[in-house]
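Peer 1: One structure follows; several queries about it will come next.
The values are calculated or read from the model by the stated rules, or taken from the named source; none is laboratory data. As the structure is a computational prediction, the values presented were derived from the model and not from experiment. Note that each Cβ is placed from the backbone with ideal geometry, even for glycine, and that neighbours are counted across all protein chains shown.
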Amino acid sequence: MTSKIKITIFPNKKNLFYWPAAKKIVSIIRESSKKFPDWILICNNDITFSDKFFFKYLKSINSKRYPIIGPDILNDVGNHLNPFMLKPLNIIQKIYWKFYFSSYIISKILLIIKKTMKSILIKNKKIKSQKKQIVYSVHGSGILFSSHFFNSGGWLDGNFDLYGEELSVSEIAKKVSTPITYFPDLKINHHEHSITKLINKKLLYEKSRQSYFYIEAKYFKK
């Protein structure tokens, strides 16, 4: 089967993991081209496009006004994954995550409690806002960066393996004064955990733990 679009594959001898691999490709684009493409979509490999007008609509968006975009990401059970975070972590949330990452056993207990509470309160589940708005963070399974973000000094932090992309992008965006916007009219589907479900859960916990404490030390501690 031949493709109507140009596809370039960048193989690696070892698994660089998600965001470090994305950073490497962006660096290659920066070094090999005189300018960035209008948009760069960094996404998981379990993303599909159900909207045939996705890229047509993207082309109409002002890339300078909206340098970082989070589309409406729908998972297989119909939940909207964006907006990921409307506001930065507050002190209670930071305490919770420190407690969560204090040990694997504690994390499992907290997940059981969270799942139980979710099932009890399911009737009162809040529907995420489906309006275009500036947010603190968008879901890492699919983020759009315009050339304006990189030309304004923006970069990708690849100093973690997994689960650090949302917060690192948010904090870097703050540093270079570029907004992050949720665009509900841009729609993609995310078939969650189709790859990570094959990885040992304790290993995933350790990866996320390392990422969180790196992000905390790098961006939150003053």
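Peer 1: If you go through region 16-38, how many residues are loosely packed, with under 10 Cβ neighbours inside 10 Å, in a loop (DSSP other than H, G, I, E, B) and either among the small types (Gly, Ala, Ser) or modelled with pLDDT of 90 or more (or both)? Can you show your working first?
Peer 2: The first filter runs over region 16-38 and keeps only residues loosely packed, with under 10 Cβ neighbours inside 10 Å, leaving 31-34.
Of the ones still in play, those that are also in a loop (DSSP other than H, G, I, E, B) are 33-34.
Those still in the list that are either among the small types (Gly, Ala, Ser) or modelled with pLDDT of 90 or more (or both) too: 33.
Residues flagged as loosely packed, with under 10 Cβ neighbours inside 10 Å, in a loop (DSSP other than H, G, I, E, B) and either among the small types (Gly, Ala, Ser) or modelled with pLDDT of 90 or more (or both) within region 16-38 amount to 1.
Peer 1: Which residues, taken from region 138-174, are at pLDDT 95 or above, farther than 20 Å from Asn62 by Cα, among the charged types (D, E, K, R) and out of contact with any strand residue (DSSP E or B) (no Cβ under 6 Å at 6 or more places or on another chain)?
Peer 2: Asp157, Glu165, Glu171 - these are the residues of region 138-174 that are at pLDDT 95 or above, farther than 20 Å from Asn62 by Cα, among the charged types (D, E, K, R) and out of contact with any strand residue (DSSP E or B) (no Cβ under 6 Å at 6 or more places or on another chain).
Peer 1: Here is a further query. Out of the residues in region 68-97 that are charged (D, E, K, R) and part of a loop (DSSP other than H, G, I, E, B), which is nearest to Leu186 (Cα to Cα)? Give the steps one after another, and end with the answer.
Peer 2: Residues of region 68-97 charged (D, E, K, R): 72, 76, 87, 94.
Remaining after also requiring part of a loop (DSSP other than H, G, I, E, B): 76, 87.
Details: Asp76: 17, Lys87: 21 Å.
Per the criteria, the residue is Asp76.
Peer 1: Which residue out of Ser141, Ser177, Ser146, Ser152 is surrounded by fewer than 18 Cβ atoms within 10 Å (Cβ to Cβ), touching a residue at least 60 places away in the same chain (Cβ under 8 Å) and of a type in the set (Gly, Ala, Ser)?
Peer 2: Working: Ser141 fails: surrounded by fewer than 18 Cβ atoms within 10 Å (Cβ to Cβ); Ser177 fails: touching a residue at least 60 places away in the same chain (Cβ under 8 Å); Ser146 fails: surrounded by fewer than 18 Cβ atoms within 10 Å (Cβ to Cβ).
Just one listed residue meets the conditions, Ser152.
Peer 1: OK, next. Quick one: in region 22-35, of everything that is closer than 20 Å to Gly140 by Cβ and touching a residue at least 12 places away in the same chain (Cβ under 8 Å), which residue is nearest to the chain's Cα centre (by Cα)?
Peer 2: The initial filter retains those residues of region 22-35 that are closer than 20 Å to Gly140 by Cβ, namely 22-27, 29.
From what is left, the residues that are touching a residue at least 12 places away in the same chain (Cβ under 8 Å) are 22-26.
Working: Ala22: 12, Lys23: 13, Lys24: 17, Ile25: 17, Val26: 16 Å.
Per the criteria, the residue is Ala22.
Peer 1: Hey, another quick one. Can you give me the number of residues within region 175-201 that are modelled with pLDDT of 95 or more and assigned to a helix (DSSP H, G or I)?
Peer 2: Looking only at that region, the number is 1.
Peer 1: Taking region 48-67, which residues are surrounded by 17 or more Cβ atoms within 10 Å (Cβ to Cβ) and either touching a Gly at 6+ places or on another chain (Cβ under 8 Å) or assigned to a loop (DSSP other than H, G, I, E, B) (or both)?
Peer 2: Step one: filter region 48-67 for residues surrounded by 17 or more Cβ atoms within 10 Å (Cβ to Cβ), giving 58, 61, 63, 66-67.
Ile61, Ser63, Tyr66, Pro67, listed by residue number.
Peer 1: Condition first: at pLDDT 95 or above, of a type in the set (Phe, Trp, Tyr) and surrounded by 21 or more Cβ atoms within 10 Å (Cβ to Cβ). Can you find one or more residues in region 124-137 that meet it?
Peer 2: no
Peer 1: Can you tell me which residue is farthest from the chain's Cα centre (by Cα) among those in region 98-108 that are surrounded by 12 or more Cβ atoms within 10 Å (Cβ to Cβ) and either among the basic types (Lys, Arg) or part of a helix (DSSP H, G or I) (or both)?
Peer 2: Top of the filtered list is Ile106.
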